[in-house]
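Let me begin by presenting the structure, written as structure tokens, before commenting on it.
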Amino acid sequence: MTRNNGISDFDQIISRQTTGSVKWDALGKIFGSEDLLPLWVADMDFPSPEAVIAKLNQRASHPIYGYNTQEASLYQSIIDWVKRRHGWEIEKDWILVAPGVVPSIVLSILALSEPGDGVIIQPPVYPPFFASIKDNDRQVIENPLINKGGHYEIDFEDLEKKLSNPSNKLFLLCSPHNPVGRVWTKEELKKIYELCQKYEVDVLSDEIHNDLVFQGHRHTVFASLGTPVCKQSVTFMAASKTFNVAGLNFAFMIVPCKRRRGLIQGWMNRLHLNRNNLFGVLATETAYQEGEQWLDSLLSYLEKNADFLVEFVQTRLPHIKVTKPEGTYLAWLDFRAYFTDAKELEDFLVHTAKVGLNPGKNFGSQGEGFARINLGTQRSVLLEALERIEKALRTKSSTND
Ligand SMILES: Cc1ncc(COP(=O)(O)O)c(C=O)c1O
């Protein structure tokens, strides 16, 4: 499973079928078809770092799995990681641990806004952003990203309009952005910072993909930009995407403002969310302490996958458009030259190409005609998926002739 130094051999295929994997074992339920190559939900087909696997095995070999504590060492591992990898100095008291980023977003929405308030998001964006707002009786306020030839940018004029409306109380930022793969620059984040400060809108910054950034780009923690905005923000992070431990349900919020932290903690108490998964805690701590070298190798592999995708699309799928992501292991394929109808594209991918990708329409109306592909897989799997699409497009072109 590993080459040397505990680093995974990312080319090696390890079957995930019959492991209860949502990506591989729920295809019939999700896509209505079992015989698909799945490159959809955001987890990776790679083993976690060896140190994490060893730690979990060691703990699993003790036969009692009762309630667990969170030791100071967990908090220290988070503090050290955030400082080392992201240059932000945080305090232990600012950290609230939770069973996931999405539940943490919901808790923050409940704590920091009232029913009927507006929450601004930037579609196309991660689908649960819409649901976490709507399901809690808040209003989704869209500040759509501008697609400039595949490079997505923020529409600041529109953002200011939305922020200046006093009924819009929160801005839910996706940084780096899923699905368009932007790693927002410091300048872009500063502009957001200034506007949110001006209109006193709190920022919920989902930075779950913060560690997954390619050469030439740098993730800036939004809250690290300055004290006022740091106080006006909640940052969401986890080891789940970075180290492929999403099934262990563990994440954390960083909330520097005591009043806001108290409000979120109040909701956690009300919902009795004060327990955490024993294995999630151990995996996070171990990954942050010992996973850095593994992560650097992973990033190099993922970036080669991104380059491979772009090269394949440009040479063999010329009417499909893709821009190399700056971060995340997700890429956004533009099929609009072939399909404008979302249902037709979905049918084509599932029934003709036989690949399981995320339909773009799930990311907002701006995603119609697009699909999201997950690059967190072996290059041979990626190649197979792209060849299936290539072959299916040939069939489509010939039937259209
Ligand atoms: C932007 C973003 N936030 C949150 C999540 C999920 O977080 P969790 O599983 O911790 O709820 C994902 C998973 O794909 C994501 O892309």
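The values are calculated or read from the model by the stated rules, or taken from the named source; none is laboratory data. In this text, all values refer to a predicted model and were calculated from it rather than measured experimentally. A quick note on method: Cβ atoms are made from the backbone with ideal geometry, for glycine too, and the neighbour counts reach across all protein chains shown. Keep in mind that these areas ignore ligands, DNA and RNA; they rest on the heavy atoms of the full protein, side chains included. Shrake-Rupley method; radii C 1.70, N 1.55, O 1.52, S 1.80 Å.
Values as computed for the structure displayed
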quantity	calculated
C-alpha center-to-center spacing [the range 40-113, the range 274-346] in angstrom	21
The range 67-290, dipole about Cα centre (Lys/Arg Cβ +1, Asp/Glu Cβ -1), debye to the nearest 20	240
16 Å Cα cut-off, lysine pairs counted over the range 67-290 (separation 8 or more, or different chains)	15
Charged-residue dipole, Cβ positions (Lys, Arg, Asp, Glu), the range 297-401 about Cα centre, Debye nearest 20	120
Unit charges on C-beta of K, R, D, E only; dipole of the chain, Debye	460
Rounded to the nearest 10 Å², the accessible area of His272 at probe 1.4 Å	150
Computed E for Ser15/Glu311 - FRET, C-beta separation, R0 41 angstrom, nearest 0.05	0.90
Share of carbon and sulfur in the accessible heavy-atom surface of the chain [1.4 Å probe, %]	49
FRET E, pair Asn57, Arg379, Förster distance 35 Å, beta-carbon r, rounded to 0.05	0.80
Of the trypsin sites (Lys or Arg not before Pro) in the range 315-401, those whose Cβ has at most 16 other Cβ within 10 Å and which sit in DSSP loop	Arg336
Among 11-22, 137-148, the order from most to least packed when residues are scored by Cβ within 10 Å on average	137-148, 11-22
Sequence-distant residues sharing a close amide H with Ala251 (under 5 Å, placed H)	Ala98, Gly100
Axial C-alpha extent at least 24 Å, average Kyte-Doolittle at least -0.5 - helices from the chain (DSSP)	292-316
Nearby aspartates and glutamates by direct alpha-carbon distance to Lys361 (threshold 15 angstrom, same-chain neighbours under 8 apart not counted)	Glu142, Asp334, Asp341, Glu344, Glu346, Asp347
Relative packing of 122-130, 301-309, which averages over residues the other C-beta atoms within 10 Å, highest first	122-130, 301-309
Simple spin-label estimate for Arg259 and Lys191 in nanometres, 7 Å along Cα-Cβ	3.0
Calculated FRET efficiency for the pair Lys396/Lys148, C-beta based, R₀ 30 Å, to 0.05	0.60
Stretch gain in nm, segment Arg270-Asn249, where the contour uses 0.36 nm per residue and the Cα spacing is subtracted	5.6 nm
Relative contact order (percent, whole number), the range 67-290, Cα cutoff 8 Å, 6+ residue spacing	27
Surface accessible to a 1.4 Å probe, per residue, for the residues of the chain, Å²	43
